[in-house]
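The values are calculated or read from the model by the stated rules, or taken from the named source; none is laboratory data. As the structure is a prediction and not an experimental result, all values here were calculated from the model. Neighbour counts are summed over all protein chains in view; Cβ atoms, including those assigned to glycine, are modelled from backbone coordinates with ideal geometry.
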Amino acid sequence: MAETVVIGAGPAGLMAAEALARAGHRVTIAEARPSAGRKFLMAGKSGLNLTKDEPLATFLQAYDGDWLAPMLTAFGPGQVMDWARGLGQEVFTGTTGRVFPEAMKASPILRAWLGRLADLGVDLRTRWRWTGWEGDRLAFHTPEGMVRLAPGATILALGGASWPRLGADGTWVPWLAARGVEITPFRPANMGFTVDWSDHMHRHFGQPVKGAALIAGTRQSRGEFIISGRGLEGGGIYAVSAAVRDGAPLFLDLLPNLSLAEVTGRLAVPRGKESLSNRLRKLLRLDPVRIALLQEWGRLPSGAADLARRIKHLPVHHAGPRPIAEAISVAGGVTRASVTGGLELLALPGVHVCGEMLDWEAPTGGYLLTGCMATGLWAGKAAVRSLSGA
């Protein structure tokens, strides 16, 4: 059987390696970092969200465009849950449909997965940093010196450009571009936004904002988000981040469970000598964090109707996305036009790509991890077919 190389030991690369090994091929995984799955482990620190338990048609709508649909149909939420159970890790579905392993952490799954790959004969080489091609050979800087390989098939699972300290630094882009691969420039995805806060907001840093809705174009999020010294962060803001990044203005509805008429009616009660903050707290049950945001972005109207409109449609003043190195994921990468249906590079026959290297985008909530795994499995199986001449 053919010698094959997978570059990158994240979820996409490990899925590709398993597909190749199960077909009987000799597989070497080259990982630049000292250990495998570093971003995978980081994602699991607050609870490893594997996938989203929802109908496939709904699940697919979370992804931009439809080019991953065949891959996600072949390996979607149900298959992810079965995969985890196959590694001895039972899963459960939370109230929002998000699926987690019962252990909540990524480390038990990763240990079991690496053990299974080792049993299949996969050779994991850490601290093997790919440095591009030398002629037709892959070149690696390793602890033992330079290594050059000419495998029968290569899978690139190098990640995007978010969280470079964990290995996804985008250094591969010029190497592929020089060989004729079309690559959409990376942009941050699932990221926070910079806000230049006034001094009165400092005491709220680190506080979650609950009970509000974020609105950007046609997108709306009721998720919680955080006020940080750098701006706005957290799952709620990530859900609308693509729309805001692409130019949609961002608004807050501080009372999404009340209509504009209901808010106006409550504010119509005579004010007397009561402070505005006390009035908002008593009449509308706004907490100090939401009141601070209301005061942060503009002079507050005195009339009940105008104030109600501001509460229901508060413009968020921000200075754009946080840097790509802080983003959870990226948009951009190897374009759909650059690969075959099996994710083989048209410009580099025998080389397949998968995971965040590809030009796709999805929100957090299990979609990112499922997308990486599905594309890795798809690329691995496609490489198996190519090696067999099918």
Residue list for region 264-292, restricted to those being free of Cβ contacts under 8 Å to residues at least 24 places away in the same chain and in contact with a Gly (Cβ under 8 Å, 6 or more places away or on another chain): none
Given (1) surrounded by 12 or more Cβ atoms within 10 Å (Cβ to Cβ); (2) without any contact (Cβ under 8 Å) to a residue 40 or more places away in the chain; (3) over 28 Å from Gly342 (Cβ atoms), number of the condition Asn49 does not satisfy: (2)
Some residue of region 213-233 being touching a strand residue (DSSP E or B) at 6+ places or on another chain (Cβ under 8 Å) and of a type in the set (Lys, Arg): yes
Verdict on Ala347 being touching a residue at least 40 places away in the same chain (Cβ under 8 Å), over 20 Å from Gly217 (Cβ atoms), assigned to a helix (DSSP H, G or I) and small (Gly, Ala, Ser): no
Qualifying residue in region 318-336 (condition: surrounded by 22 or more Cβ atoms within 10 Å (Cβ to Cβ), in a helix (DSSP H, G or I), of a type outside the set (Asp, Glu) and touching a residue at least 24 places away in the same chain (Cβ under 8 Å)): no
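Would a scan of region 246-260 turn up a residue that is part of a helix (DSSP H, G or I), farther than 30 Å from Ala362 by Cβ and in the same structural domain as Ile226 (by TED's automatic domain parsing)?
yes
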Of all residues in region 52-68 being within 17 Å of the chain's Cα centre (by Cα) and in a helix (DSSP H, G or I), the one that is surrounded by the fewest Cβ atoms within 10 Å (Cβ to Cβ): Leu60
Complete set of residues in region 259-275 that are within 22 Å of Ala213 (Cβ to Cβ) and surrounded by 14 or more Cβ atoms within 10 Å (Cβ to Cβ): Leu260, Glu262, Val263, Thr264, Gly265, Arg266, Leu267
Those residues of region 163-201 which are under 17 Å from Gly231 (Cβ atoms), in contact with a Ser or Thr (Cβ under 9 Å, 6 or more places away or on another chain) and among the polar types (S, T, N, Q), in sequence order: Asn190
Whichever residue in region 132-157 is free of Cβ contacts under 8 Å to residues at least 12 places away in the same chain and not hydrophobic (A, V, I, L, M, F, W, C) and, among such residues, is nearest to Leu348 (Cα to Cα): Gly135
Number of positions in region 155-180 that are among the β-branched types (Val, Ile, Thr) and buried (at least 23 other Cβ atoms within 10 Å of the Cβ): 1
Pick from region 124-139, criterion assigned to a strand (DSSP E or B) and over 28 Å from the mean Cα position of the chain (by Cα), ranking: surrounded by the fewest Cβ atoms within 10 Å (Cβ to Cβ): Glu134
Matching residues in region 158-214 - criterion: being part of a helix (DSSP H, G or I), touching a residue at least 24 places away in the same chain (Cβ under 8 Å) and farther than 25 Å from Leu232 by Cβ: Trp175, Leu176
Filter result for Ala305 (assigned to a helix (DSSP H, G or I), out of contact with any Phe, Trp or Tyr (no Cβ under 9 Å at 6 or more places or on another chain) and not assigned by TED's automatic domain parsing to the domain that holds Asp66): yes
Conditions (1) closer than 22 Å to Arg179 by Cα; (2) of a type outside the set (Phe, Trp, Tyr); (3) free of Cβ contacts under 8 Å to residues at least 12 places away in the same chain: number failed by Arg299: (1)
Out of Ala374, Ala362, Ala383, sole residue that is among the small types (Gly, Ala, Ser), in a helix (DSSP H, G or I), touching a residue at least 60 places away in the same chain (Cβ under 8 Å) and under 23 Å from Ser162 (Cα atoms): Ala374
Options Met42, Met71; residue that is outside any loop (DSSP other than H, G, I, E, B), farther than 18 Å from Thr375 by Cβ and of a type in the set (A, V, I, L, M, F, W, C): Met42
